[in-house]
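A.B. asks: Mind having a look at this structure? Questions to follow.
The values are calculated or read from the model by the stated rules, or taken from the named source; none is laboratory data. Here the structure is a predicted model, which means the values were calculated and not measured. Here the Cβ positions follow ideal geometry from the backbone for every residue, glycine too, while neighbour counts run over all protein chains shown. Accessible surface is based on the protein model in full, side chains and every heavy atom, while ligands, DNA and RNA are left aside. Shrake-Rupley method; radii C 1.70, N 1.55, O 1.52, S 1.80 Å.
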Amino acid sequence: TEELPGLGLSLRYEYVPRKALDAPAKSIPLVIMLHGNMNDPRIQGESSGWVEVAAAHTIVLTSIEWQGRTFQDTTFAAIGEAGTMAILDRLLAKYPQIDPGRVYFTGLSAGAMNSFIYGVNNLKRIAAVAGHSAPFGPPQLLEAVSKAKASGLNLPIYSIAGSRDMYKPL
């Protein structure tokens, strides 16, 4: 947990392979995970398969409570994009091994949609985004993509969605 100035108490889980701690400065990628609507960031991290990928490929991984919820009688702030980017800054300071040019977002459902939006809004800081169960289309994302396109910068995005998704079908 950590107090984010102006936002409140935040919660995140960090998965840092031992090899990452001994790595040279700016040599390790970072993956920031955003959970689905009303999901738990720890369960998102542990059930997604990312912990195993991070261990096998020496990736620093963090799973953030971005939405704001109460766990075990402690209320965590809805930190949104500003808080997520503040956490990115804290992780870069805490782990000099992280390469600031290899920061990636991933998420599930609402977390995927916010990953897309946060990535597009921070083109100079995010290398790529991957999400699932959140097809493109909401006005907020389309507006962010239009602004990004006008800047001439690009963001690689990988999206997994399907016609049988019970929440966000194509």
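A.B. asks: Out of all the residues in the range 141-158, is one or more of a type in the set (Asp, Glu), farther than 27 Å from residue 53 by Cα and part of a helix (DSSP H, G or I)?
C.D. replies: yes
A.B. asks: I need the full set of residues from the range 44-60 which are closer than 15 Å to residue 11 by Cβ and crowded, with 16+ Cβ neighbours inside 10 Å, in order please.
C.D. replies: 44, 45
A.B. asks: Also, quick follow-up: When you go through 148, 77, 112, 127 one by one, which is the residue that is among the small types (Gly, Ala, Ser), farther than 14 Å from residue 34 by Cα and within 15 Å of the chain's Cα centre (by Cα)?
C.D. replies: Testing whether each residue is among the small types (Gly, Ala, Ser), farther than 14 Å from residue 34 by Cα and within 15 Å of the chain's Cα centre (by Cα) leaves just 127.
A.B. asks: Only one residue in 128, 77 is out of contact with any Phe, Trp or Tyr (no Cβ under 7 Å at 6 or more places or on another chain) and open to solvent by less than 60 Å² (accessible area, probe 1.4 Å). Which one?
C.D. replies: Among 128, 77, only 77 is out of contact with any Phe, Trp or Tyr (no Cβ under 7 Å at 6 or more places or on another chain) and open to solvent by less than 60 Å² (accessible area, probe 1.4 Å).
A.B. asks: Still on this structure: Would you confirm whether or not the range 82-97 contains a residue that is over 13 Å from residue 15 (Cβ atoms), of a type in the set (Asp, Glu) and surrounded by 15 or more Cβ atoms within 10 Å (Cβ to Cβ)?
C.D. replies: Checked against the condition, which is being over 13 Å from residue 15 (Cβ atoms), of a type in the set (Asp, Glu) and surrounded by 15 or more Cβ atoms within 10 Å (Cβ to Cβ), the range 82-97 yields no hits at all.
A.B. asks: Here's a follow-up. Pick from the range 32-43 the residues that are open to solvent by 10 Å² or more (accessible area, probe 1.4 Å) and either aliphatic (A, V, I, L, M) or under 11 Å from the mean Cα position of the chain (by Cα) (or both): which of them is farthest from residue 99 (Cα to Cα)?
C.D. replies: 38
A.B. asks: Here is a further query. Can you tell me which residue in the range 4-21 is least open to solvent (accessible area, probe 1.4 Å), limited to those that are in contact with a strand residue (DSSP E or B) (Cβ under 9 Å, 6 or more places away or on another chain) and farther than 19 Å from residue 33 by Cα?
C.D. replies: Result: 8.
A.B. asks: Can residue 47 be described as of a type in the set (S, T, N, Q) and closer than 14 Å to residue 106 by Cβ?
C.D. replies: Yes, satisfied.
A.B. asks: If a residue must be outside any loop (DSSP other than H, G, I, E, B) and buried (at least 18 other Cβ atoms within 10 Å of the Cβ), how many such residues does the range 131-140 contain?
C.D. replies: Summing the residues that are outside any loop (DSSP other than H, G, I, E, B) and buried (at least 18 other Cβ atoms within 10 Å of the Cβ) in the range 131-140 gives 2.
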